[in-house]
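Student: I have a structure here, written as structure tokens, and I will follow up with some questions on it.
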Amino acid sequence: MYVVKASGEKDKFRPEKLIRSLVRAGASKELAVQITNEVKQDIWDGITTYEILELALEKLKERKEKVLMLKYDLKRALMKLGPTGYPFERFIAILLNKYGYRTRNNVVLEGKCVRHEVDVIAEKDGIKYMVECKYHNKRGIKTDLKVAMYTYARFLDLEKYFNGAWLICNTKCTAETIRYCKCMGVRNTSWAYPPGEWSLESMIEKKVLYPVTILSSLNEEARRLALQLNIITVEDFLDKGVEALISAGIDEKMVLAAQKEGKILLQTKILG
């Protein structure tokens with residue numbers, strides 16, 4: 001049985017990958033295995049990874065696992081932080097704040113040769129990073145080598161201000177990108193990298209800091225307006241977004257449904 005990735009590549013269906021992704025979203029090992037076994041019964045040669053995601057979400061829906069449904073769809077939620085890259089940059093600054101970094105967004109600095117606008121400046125324990133945020137809003141696109149080289153070149157021009165460069169992406173990086181970053185000492189955080197607790201999704205889940213776009217009750221218009229109002233996270237939404245969206249004319253029933261989802265998501269932080 002083979003699946004078609006978003007990039008168009010074909011690969012063997014690997015049940016263990018689906019189990020891992022479900023467990024990472026908070027499912028028990030037993031539930032993850034059950035859902036994976038059910039999905040295996042419904043798939044066919046040539047199924048896309050997107051269709052597998054939809055099947056898994058449907059299985060969670062049948063079990064009324066609302067929190068798991070929302071968390072399992074995190075990658076797609078990050079891709080909805082668009083169409084510009086600014087909301088993703090703002091989200092990363094907020095995330096790094098949760099890890100004790102002092103951050104600033106979109107700071108213009110005069111380099112040795114030219115001026116640069118830095119996506120995020122992050123400082124902690126006397127170490128100051130120039131953070132380059134690479135955002136993609138389409139499936140199947142990996143961050144490639146030229147982005148890593150561009151990040152390092154910018155760092156060299158701004159070296160007097162920083163101790164290091166940090167590339168953060170909402171998708172996976174190519175093997176060349178990872179190798180180059182290791183070689184040049186560029187810190188690299190992306191989807192599923194580095195393996196373990198410091199990959200992007202693990203950092204998000206550990207702090208229970210989710211983008212507002214994870215709230216499935218909000219339609220595209222509501223999400224777009226929220227981002228325009230600088231409502232970036234679920235925390236922002238619960239703090240100021242409910243009233244702001246209703247006041248702006250967004251359907252109250254929809255907003256209150258999203259509020260319920262947000263409270264359920266943040267409840268997992270309290271329980272944790």
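Where a number appears in this text, it was derived from the coordinates with a stated rule and is not lab data. This one's a predicted model, so the numbers in the text were calculated from it and none came from an experiment. Cβ sites come from the backbone with ideal geometry, for glycine too, and all protein chains shown count toward neighbours.
Student: With an 8 Å Cα cut-off and a minimum separation of 6 or more residues, compute the relative contact order for segment 127-272 in percent. Intermediate values should be presented prior to the final figure.
Tutor: On the way: 189 pairs, mean separation 25.2, N = 146.
Relative CO of segment 127-272 lands at 17 percent.
Student: Scaled to the compact-protein estimate 2.2 N^0.38 Å, what is the alpha-carbon radius of gyration of segment 44-186, rounded to two decimal places?
Tutor: Normalised by 2.2 N^0.38 Å, the Cα Rg of segment 44-186 equals 1.24.
Student: Let me ask you something else. Which FRET efficiency, nearest 0.05, do Glu220 and Ile127 yield, Cβ-Cβ r, R0 51 Å?
Tutor: Working: r = 39 Å, r/R0 = 0.77.
Computed FRET efficiency for Glu220 and Ile127 comes out at 0.85.
Student: Still on this structure, I have one more. Top mean-square fluctuation among Glu243, Glu205, Glu221, Gaussian network model of the chain, C-alpha springs under 10 Å?
Tutor: Between Glu243, Glu205, Glu221, it is Glu221 that shows the largest mean-square fluctuation.
Student: Which aspartates and glutamates, on any chain, are close to Lys182 with Cα under 19 Å apart, when same-chain ones fewer than 8 places away are left out?
Tutor: Glu132, Asp144, Glu159, Glu197
Student: Here's something else I'd like to know. In nm, what is the difference between 0.36 nm times the number of residues separating Asn97 and Lys253 and their Cα-Cα distance?
Tutor: Extra length from Asn97 to Lys253 when fully extended: 52.9 nm.
Student: Among the lysines, which have Cα under 20 Å from the Cα of Lys138 when same-chain residues fewer than 8 positions away are ignored?
Tutor: Straight-distance partners of Lys138: Lys5, Lys10, Lys71, Lys75, Lys80, Lys146, Lys172.
Student: Follow-up question, since we're still on this one. Would you mind calculating the relative contact order of the chain from Cα pairs under 8 angstrom and at least 6 residues apart, reporting the percent as a whole number?
Tutor: On the way: 408 pairs, mean separation 37.8, N = 272.
Contact order relative to length: 14 percent.
Student: So, R0 is 25 Å and r is the distance between the beta-carbons of Glu243 and Lys66; what FRET efficiency does that work out to, to 0.05? Each step should come with its number before you reach the end.
Tutor: Values: r = 23 Å, r/R0 = 0.94.
The value I calculate is 0.60.
Student: When the dipole is taken about the Cα centre of segment 1-89, and only Lys, Arg (+1) and Asp, Glu (-1) are charged at their Cβ, what size is it in debye, to the nearest 20?
Tutor: Roughly 280 debye for segment 1-89.
Student: Can you list the aspartates and glutamates whose alpha carbon sits under 16 Å from that of Lys29, skipping same-chain ones fewer than 8 residues off?
Tutor: Glu16, Glu38, Glu65
Student: Determine the sum of side-chain charges near Leu74: Lys and Arg each +1, Asp and Glu each -1, restricted to other residues whose C-beta is under 13 angstrom from that of Leu74.
Tutor: On the way: positive: Arg24, Lys71, Lys75, Arg76, Lys80, Lys206, Lys207; negative: Asp73, Glu201, Glu205.
With Lys, Arg at +1 and Asp, Glu at -1, the net is +4.
Student: Could you work out the local net charge near Phe237, counting Lys and Arg as +1, Asp and Glu as -1, over the other residues with Cβ closer than 13 Å to its Cβ? Mind showing how you got there, number by number?
Tutor: On the way: positive: Arg223, Lys240, Lys260, Lys263; negative: Glu235, Asp236, Asp239, Glu243, Glu261.
Local charge sum for Phe237: -1.
Student: What does the C-alpha gyration tensor say about the overall shape of the chain? Classify as rounded when a/c is under 1.5, otherwise prolate if a/b is larger than b/c, or oblate.
Tutor: The shape class here is oblate.
Student: Can you give me the distance in nm between label points at Asn37 and Arg187, each placed 7 Å from the Cα along the Cα-to-Cβ direction?
Tutor: About 4.3 nm separates the two model spin labels.
Student: Amide H to amide H under 5 Å from Lys128: which residues, 5+ apart in sequence or cross-chain, H placed 1.01 Å off N in plane?
Tutor: Asn163, Gly164
Student: How long is the gain from Gln267 to Glu58 if the chain were fully straight, where each residue apart is worth 0.36 nm and the alpha carbon distance is subtracted?
Tutor: Values: separation 209, 0.36 × 209 = 75.24 nm, distance 2.28 nm.
The span from Gln267 to Glu58 would gain 73.0 nm if fully extended.
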